[in-house]
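The structure appears right after this line, and notes come after that.
The values are calculated or read from the model by the stated rules, or taken from the named source; none is laboratory data. Not measured: the values here are computed from a predicted model. Cβ sites come from the backbone with ideal geometry, for glycine too, and all protein chains shown count toward neighbours.
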Amino acid sequence: MRRLAPLLLALTLCPLAHADEAGAARALEQARSNPWLLRQFMATFPKGGDLHNHLDGSIYAENIIGWASADGKCVDPASGQISFPPCDTARPLMKDYAADSARYSQLVDAYSVRNYERGSKSGHDQTFVTFGRFIPGTLGREGDMLREATNRRGAENTVYLELLQSWGMDKARAIAAAEAGAFRADRPTSDWAHHPALQRIVADTRAELDRIEKRWRELAHCNQANAEPGCGVALRYLAQVIRTFPPEQVNAQIALAFLLVKADPRYVGLNLVAPEDDPGTLRHYKEQMSVIGRLSKLYPEVKVTLHAGEFGFGLVPPEDFKDHIRQALDVAGARRIGHGEAIGLETGAFDTLREMAKRGVMVEINLTSNAIVHDLKGDQHPFLLYRQFGVPTALSADDEGVFRIDLTNEYQRAAATYPKLSYRDFKQLSRNALHYGFVEGQALLADTGSGRFVASCTGERTGAEPKTARCRDFLSTHTKARLQWDLEARFARFESQVH
Ligand SMILES: [Zn+2]
């Protein structure tokens, strides 16, 4: 205990006002001796962003049960499946069923991976089966969901959040299902872009988003003295296409995603989600990449990040994991890759890694998710391989409610698992999570490793007001630069307190 006591004092009491990076680096090394010190260190460590966070998966089971109870929804005791009223004896009211604490506990397990090791299901199957069970409990509670997702990031000292959500996608699928052939891959993509029904969905989804954000801001008391921490998080969205539906329905969703990003500045990009190892995804992966590539030619300003190479060895035949990341880069033009676990299994992986480093394609690393879903841990994970080749990486939460984690946990896990990662490496990981975000505007940083500013703000001191009109103008013009300025100020504050 003798060794730990000075650090504990430093974490809480140090009154010094000057930033001391070397001192913070020493504090990190000391904190590594004990998981709870490390947790405390990483909880307040400034985080640039979270670029891979599914809104549905970010919700903790306890809140879903609470909302379903208050909203009069029903639950199937055998599976935990939530459904809409009227309820009956086979599907009693959630309010009544969950009143018993043993049943309540079973439901928490059913909507997450809590205790999954004790059951018969793999982490992969348990993770993916939860969504269908609990999503009906979240419908109508989208404002509450934003509140939960943003508050957790705000409380963890995070500047920026890119949330993946699928609002409107069910309607796009319904159109494709009703109009056979309209969204076949051999049809011109410009027809899809001007499809009147898709245009209507864009307008409806934007109006729905207005209502959801308004509800969130009311719940969280944003712009009031008692504003919750989530109000201070810069929030943008990625339109999330569910890739496991029939091809024409996937194509209609992809077209809607492009149109949403084009129409509404709150949407900054798109992504494809749901199991990549699903037989339907494997069959149509090539077509999905090609459709994105073709729509990107029509809308080159729309940014794309893709779940790709989300495999462990043996999950699918070798032919299926040999080039998914490569296709996402070359055919779909992805600017970021989510997971990328299978990079070491791909044909010509070293060329791909060099190409990613050259193009600045960042990988969204989800350590806990990969450990649970694919049992990929420690040296088996390609995190360090990406870093070795100079490919930018950042840490993200993925489905924090389902995995029962938060973003702090991912920083803590990285520090404990990879002892060679230094304090400066963590600063770079944190900066990358904002620098490679799709938020509008130019970047403040010329280099995320050193934190060097671009010419407009050269010579400025972090943590202070910008001295020159040129830098002030630059920051007021470019949102991304302004958020990065804020992150550097948070580092200065953190380093003045923890050493
Ligand atoms: Zn994901």
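List of remarks:
- If the condition is being within 30 Å of residue 41 (Cα to Cα) and either touching a strand residue (DSSP E or B) at 6+ places or on another chain (Cβ under 6 Å) or in a loop (DSSP other than H, G, I, E, B) (or both), then segment 151-192 contributes 153, 156, 157, 158, 159, 160, 161, 162, 163, 164.
- Residue 446 meets each of the listed conditions (1) surrounded by 14 or more Cβ atoms within 10 Å (Cβ to Cβ); (2) in contact with a strand residue (DSSP E or B) (Cβ under 6 Å, 6 or more places away or on another chain) apart from (1).
- Those residues of segment 449-474 which are loosely packed, with under 13 Cβ neighbours inside 10 Å, closer than 21 Å to residue 436 by Cα and hydrophobic (A, V, I, L, M, F, W, C), in sequence order: 455
- When the residues of segment 355-378 are filtered to those that are within 12 Å of the ligand (Cβ to nearest atom) and among the aliphatic types (A, V, I, L, M), the one that is farthest from the chain's Cα centre (by Cα) is 373.
- Single condition residue 274 does not satisfy, out of (1) surrounded by fewer than 24 Cβ atoms within 10 Å (Cβ to Cβ); (2) out of contact with any Lys or Arg (no Cβ under 7 Å at 6 or more places or on another chain); (3) on the phi > 0 side of the Ramachandran plot: (2)
- Members of segment 286-320 found to be under 23 Å from the mean Cα position of the chain (by Cα) and at pLDDT below 95, listed by number: 309, 310, 311, 312
- Those residues of segment 445-488 which are of a type in the set (Val, Ile, Thr) and in a helix (DSSP H, G or I), in sequence order: 477, 479
- Evaluation of residue 125 against (1) in the same structural domain as residue 298 (by TED's automatic domain parsing); (2) among the acidic types (Asp, Glu); (3) farther than 16 Å from residue 54 by Cβ (one fails), failing number: (1)
- Residues of segment 390-444 that are hydrophobic (A, V, I, L, M, F, W, C), outside any loop (DSSP other than H, G, I, E, B), more than 16 Å from the ligand (Cβ to nearest atom) and under 23 Å from residue 237 (Cα atoms): 429, 434.
- Check on residue 82, at negative phi, crowded, with 19+ Cβ neighbours inside 10 Å and touching a strand residue (DSSP E or B) at 6+ places or on another chain (Cβ under 7 Å): yes
- Subset of segment 363-405 [buried (at least 24 other Cβ atoms within 10 Å of the Cβ) and of a type in the set (D, E, K, R)]: 364, 398, 399, 400
- Under the condition of being within 23 Å of residue 449 (Cβ to Cβ) and either touching a strand residue (DSSP E or B) at 6+ places or on another chain (Cβ under 9 Å) or polar (S, T, N, Q) (or both), the residues counted in segment 463-478 number 1.
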